[in-house]
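Colleague: Once you've had a glance at the structure underneath, I'll fire off some questions.
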Amino acid sequence: VTGFGCGGYSIGIGSSHSLFDGPATYDFLHAWASNSAILKQKRGTELYKPVHERGALLVENPGITKLPESGSSATRAVAIDHLYQLIKQAMSGQTCGPDTKFGSGKLHDVGNSNLVLKTFHLSGAMIESLKSKVFGERSGSFSCSSFELLAAHLWKARTKALGVMKGSMVCLQFAVDIRKKTVPPLPEGFSGNAYVLASAALTAEELEAGSHEDIVDKIKEAKRSISNDYVIAYNQVLDGPQGTLLPLNELTLVSDWTRMPFHKIDFFHGEAAYVSPLLSPIPQVAYFMQNPIDSRGVDMRIGLLPQSLNAFSHYFLTNMQ
């Protein structure tokens, strides 16, 4: 806790992603704040307690049916398949971006510390302007969420700003909450890592030429692919050895926090003026967060290479002004 001369203060909290995902972190902090003696007396109610039992998602759980490892009818963890393809592509020298030594057969480790963390404040009016400009006359009839629209726009802008070769495979991957996707659903208040990555893939040329509407449809398709079988297949893959993922220009990662109003957690003095992740284990992930002032706005925090920051800002903010 850091106090300021004006009487305000900031609270810094660190946790391992091995313990909590975004929703579980929000539930934990909300329960912690609401169960203080002061706020208990103020509200007279107590929140439900977090459920820390993680056995429902363990691969060795006898209640989980393992899927076949191969065969046309087997459900695949598409996000993992796409990631392997991206790594093989980079290792074979098929891409030539600033993070990859062309033809070297190995990834060039630029290090996460070289990334610049930048927050873009997108008002509700800016998001509506983007929707109107990219969908035109169909903006009133084409249905999509702010997440789908901004994720599509981010994917196009980041890929173009990084100068990815047109023939290269590029992916957009985003976290999907599986609490209601598993069979049976996870209990209310489940506090573990209850997410998988959904994935959409195109070539850089297809992504640049494609309309926002086409890209949104790809994102919707990736969302619909997440089922109980997908969750099982995904967890089976993660049950093996894991390493550190180096930044890849061809991989755009998004985590949606817009359903978690962290700024509304009351630590004695009402809502927070601002909330933001400081440094995540993978800083190139784009976080979409609620704007504390504009209920229709979104704050996006992302790690970018210094040399691509101006280009990304230009492409990303185009059609929003």
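Bear in mind these aren't lab numbers, they're just calculated from the coordinates by the rules spelled out. Small disclaimer: the values here were computed from a predicted structure and weren't measured. No Cβ is skipped: glycine too gets one built from the backbone with ideal geometry, and neighbour counts run over all protein chains shown.
Colleague: When only C-alpha pairs under 8 Å and at least 6 residues apart count, what is the relative contact order of segment 217-287, in percent?
Modeller: Relative CO of segment 217-287 lands at 31 percent.
Colleague: At what distance in nm do the modelled label points of S16 and V51 sit from each other, each positioned 7 Å from its Cα along Cα→Cβ?
Modeller: 2.3 nm
Colleague: Further question on the same structure: I87 to V116: extension gain in nm, 0.36 nm per residue of separation minus the Cα-Cα distance?
Modeller: Once the chain is fully extended between I87 and V116, it gains 8.1 nm.
Colleague: Enumerate the amide H contacts of Y195 below 5 Å, restricted to partners 5 or more residues apart or on another chain; note that Pro and chain-start residues carry no placed amide H.
Modeller: Those qualifying (amide H under 5 Å, at least 5 residues apart or on another chain) are I178.
Colleague: Between L122 and residues 5 or more places away or on another chain, which pairs have amide H atoms under 5 Å apart, with H built 1.01 Å from N, and which residues are they?
Modeller: V298, D299, M300
Colleague: Go through segment 125-134 residue by residue and turn each phi into a ³J(HN,Hα) via Karplus (6.51, -1.76, 1.60, θ = phi - 60°); whole Hz please, and just put x for glycine and proline.
Modeller: With coefficients 6.51, -1.76 and 1.60, one gets 5, 5, 5, 5, 5, 4, 4, 5, 6, 8 Hz.
Colleague: Once R0 is set to 30 Å, what does the formula 1/(1 + (r/R0)^6) return for the Cβ-Cβ distance between W32 and S143, expressed as a FRET efficiency to the nearest 0.05?
Modeller: Calculated transfer efficiency: 0.20.
Colleague: For a 30 Å ceiling on Cα separation, which of these pairs sit above it: K218/K264; K118/K181; K156/K264; K160/K180; K133/K223?
Modeller: Among K218/K264; K118/K181; K156/K264; K160/K180; K133/K223, the Cα-Cα distance tops 30 Å for K218/K264; K118/K181; K156/K264; K160/K180.
Colleague: So which GluC sites (Glu not before Pro) in segment 190-281 end up in coil per DSSP with only 16 or fewer other C-beta atoms within 10 Å?
Modeller: The qualifying sites are E271.
Colleague: Within segment 258-321, list the chymotrypsin sites (Phe, Trp or Tyr not before Pro) lying in a DSSP loop whose Cβ has at most 14 other Cβ atoms in a 10 Å radius.
Modeller: Taking segment 258-321 and a limit of 14 other Cβ atoms within 10 Å, the loop chymotrypsin sites (Phe, Trp or Tyr not before Pro) found are F268, Y274.
Colleague: Another question, then. Would you mind calculating the gained length between Y274 and L245 on full extension (0.36 nm times residue separation, minus the Cα-Cα distance), in nm to one decimal?
Modeller: Result for the pair: 7.5 nm of gain on full extension.
Colleague: Follow-up. Whole-Hz ³J(HN,Hα) for each residue in segment 146-159, computed from phi via Karplus 6.51 cos²θ - 1.76 cosθ + 1.60 with θ = phi - 60°, x for glycine and proline: what do you get?
Modeller: Here the 3J(HN,Hα) series is 4, 4, 4, 5, 5, 5, 4, 5, 4, 4, 5, 5, 5, 4 Hz.
Colleague: Normalised by the number of residues in segment 272-321, what is the relative contact order in percent for Cα pairs under 8 Å and 6+ residues apart?
Modeller: In percent, rounded to a whole number, it is 27.
Colleague: Sequence-distant or interchain residues sharing an amide H contact under 5 Å with F190, placed H: which?
Modeller: So F190 has HN proximity to V51.
Colleague: Okay, moving on. Taking θ as phi - 60°, what are the ³J(HN,Hα) couplings along segment 286-302 by the Karplus curve (6.51, -1.76, 1.60), each to the nearest whole Hz, with x for Gly and Pro?
Modeller: My calculation for segment 286-302 gives 8, 9, 9, 10, 5, 7, x, 9, 9, 5, 9, x, 9, 9, 10, 10, 8 Hz in order.
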